[in-house]
Amino acid sequence: MSDDAITLLIVDDHPVVRDGLRGMFESAPGFTVLGEASNGVEAVTLAQSLDPDVVLMDLRMPGGNGVEAIADLTRQSARAKILVLTTYDTDSDTIPAIEAGATGYLLKDAPREELFSAVRAAAEGRTVLSPAVASRLVSAVRAPANEPLSAREREVLTLVAKGTSNREIARVLFISEATVKTHLTHLYAKLGVKDRAAAVAVGYDRGILG
């Protein structure tokens, strides 16, 4: 490992993806892969012990998702810069990841050289966004939280306002807990908030909750 090589931690739940990324970076000058993690919980533990320059973070992973890991590392004031590398570019994915502290956000179909450049930029603390993600974030900033909630999102918000847990909401609405979490993520994005309490406050403020 050369002294000026950018050190990396690769986080993805698919072994084939991790192997491909490791091979790509190890074959290029100026990068050293320190380790791999298959979920967000492992990512936080390894980032603490390995202290990489950059964490390449997938978002949707069983056993601990990327946004939670990003938030944990941000709270711990980890030195590593976090570059999201995912197949998802919806508002419900991009905005929470950036708000949690990600330095950049790229899609997995990014060309090899673009990925290398993004990692170098992230290591220097510069923000890197794929064009699709950049346009979404600009739109979100220009028109924050005016998208109306769906009927199901209103039902979920009403139950949240009553102090109902995700498990209970799932039981009442006959849906899975994972679906409840998806609805919460969407309504948080639409309301421009980050947690249940703020969602309820904004819900009352806008007259969504009676």
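Separation of the range 102-122 from the range 9-31 is 13 Å, based on Cα centroids. Values of log10 I(q)/I(0) for the chain across q = 0.09, 0.12, 0.17 Å⁻¹ run -0.39, -0.66, -1.12, by the Debye formula with one identical scatterer at each alpha carbon and no solvent. Taking 175, 95, 70 as the candidate residues, the one with maximal mean-square fluctuation in a Gaussian network model of the chain, Cα springs under 10 Å, is 175. Taking 0.36 nm per residue of separation and subtracting the current Cα-Cα distance, fully stretching the chain between residue 127 and residue 152 would add 5.5 nm. Dividing the radius of gyration of the alpha carbons in the range 1-107 by their Kirkwood radius gives 0.94 for Rg/Rh. Ranking of 16, 193 by solvent-accessible surface, largest first: 16, 193 (1.4 Å probe, protein heavy atoms only, all chains present). Per residue, the accessible area of the range 12-54 comes to 46 Å², computed with a 1.4 Å probe over protein heavy atoms only.
Take every pair of alpha-carbon atoms less than 8 Å apart whose residues are at least six positions apart; their mean separation over the length of the range 22-166 yields a relative contact order of 17 percent. Dipole of the chain computed with +1 at Lys/Arg Cβ and -1 at Asp/Glu Cβ about the Cα centre; of 59, 15, 202, farthest Cα towards the positive end is 202. Taking the range 46-76 and a reference point 7 angstrom along Cα→Cβ of residue 34, the backbone N atoms nearer than 19 Å belong to 46-58, 69-76. Under a 5 Å amide H cut-off, with hydrogens placed 1.01 Å from N, residue 31 pairs with 6 among residues at least 5 apart or on other chains. Which parts of the range 33-74 would a label at residue 120 reach, counting a residue when its backbone N lies under 15 Å from a point 7 Å out along Cα-to-Cβ? Label zone hits: none. Overall, the accessible surface of the chain at a probe of 1.4 angstrom is composed of carbon and sulfur to the extent of 53 percent. Which cross-chain or sequence-distant (5 or more) residues have an amide H under 5 Å from the amide H of residue 61, H modelled 1.01 Å from N in plane? Answer set, sorted by chain and number: 66. Remark: the range 91-210 carries 54 Å² of accessible area per residue (probe radius 1.4 Å; ligands, DNA and RNA excluded). Solvent-accessible surface (1.4 Å probe) assigned to residue 105 amounts to roughly 0 Å².
Against the criterion of solvent-accessible heavy-atom surface with a 1.4 angstrom probe, 133, 41 sort, most first, into 41, 133. A 1.4 Å probe over all protein chains sorts 135, 130, 38 by accessible area into 135, 38, 130, starting with the largest. Measuring between their Cα centroids, the range 47-78 and the range 143-184 lie 26 Å from each other.
The values are calculated or read from the model by the stated rules, or taken from the named source; none is laboratory data. As the structure is a computational prediction, the values presented were derived from the model and not from experiment. Neighbour counts are summed over all protein chains in view; Cβ atoms, including those assigned to glycine, are modelled from backbone coordinates with ideal geometry. Surface accessibility is based on the protein's heavy atoms, side chains included, excluding ligands, DNA and RNA. Shrake-Rupley method; radii C 1.70, N 1.55, O 1.52, S 1.80 Å.
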